[in-house]
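Visitor: Submitted below is the structure of interest, expressed as structure tokens.
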Amino acid sequence: MPKDTDQELIQRALNKDQKAYSRLLSRYRDNIFYYILRMVGDKTHASDLTLESFDKAFQNLHKYDTQYAFSTWLYKIAKNCTIDFVRKRKLNSLHINYGSDEDASINENTLYSGTLNPEENMIQQQEELKLMKYIESMKPKYRQLIELRYIKEYAYEEIAEELKIPLGTVKTQLFRAKNTLAEMILTTPEEVKI
């Protein structure tokens, strides 16, 4: 059976074919993840940025110019998401010291307070609610792993101890849980996400 081209999958995705979104995600997820991982050096951040990149790509799929390879466009989105992430982290850790006067020192809280304005706060709360709905609809074992790791912020070792399963099993199942969650988020039509 011939493999669908990117262009065919994109056209089907634009026509609301959820399997086409899933196929595009499966086709490029690992490559995008490792591309981002090389830039940020952290698997958790790379995983989050991979999801963010696909989310942006799928939300803007109607803007994709077919004269370019889909992979090129996708890598550009991933690169931009990663650059934004790195800039924010650098801004958060920036310190400026004006001589020896301690009162003249400006820390990251002065330059970037990290506090959100009311609109940003409301958007963040809505996003968190949507994410929690997805998590709640997952299989119990995956939901429990996601909650322990990302909500309660347990270390892998603590999860293994809590669930009385081997550390390798925790990592494998958590990887599957994250992929399942990613597929749920990225293949749900935007009008349903809200």
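Visitor: Of F175, F54, F33, how do they rank once you tally other Cβ atoms within 10 Å and put the fewest first? Numbers along the way, then the final one.
Guide: On the way: F175 13, F54 25, F33 18.
So the ranking, lowest neighbour count to highest, is F175, F33, F54.
Visitor: Can you tally the net charge around T5? Count Lys and Arg as +1, Asp and Glu as -1, for every other residue whose Cβ sits under 13 Å from the Cβ of T5.
Guide: +1
Visitor: Order by neighbour count: D84, D4, fewest other Cβ atoms within 10 Å first, most last.
Guide: Lowest count first: D84, D4.
Visitor: Whole Å is fine, so just give me how far the alpha carbon centre of segment 41-87 lies from that of segment 124-180.
Guide: With segment 41-87 and segment 124-180 each reduced to a Cα centre, they are spaced 24 Å.
No lab work stands behind these numbers, since they all come straight from the coordinates. Being a predicted model, the structure only gives us computed values, none of them experimental. Methodologically, a virtual Cβ is constructed for each residue, glycine included, from the backbone with ideal geometry; neighbour enumeration extends over all protein chains shown.
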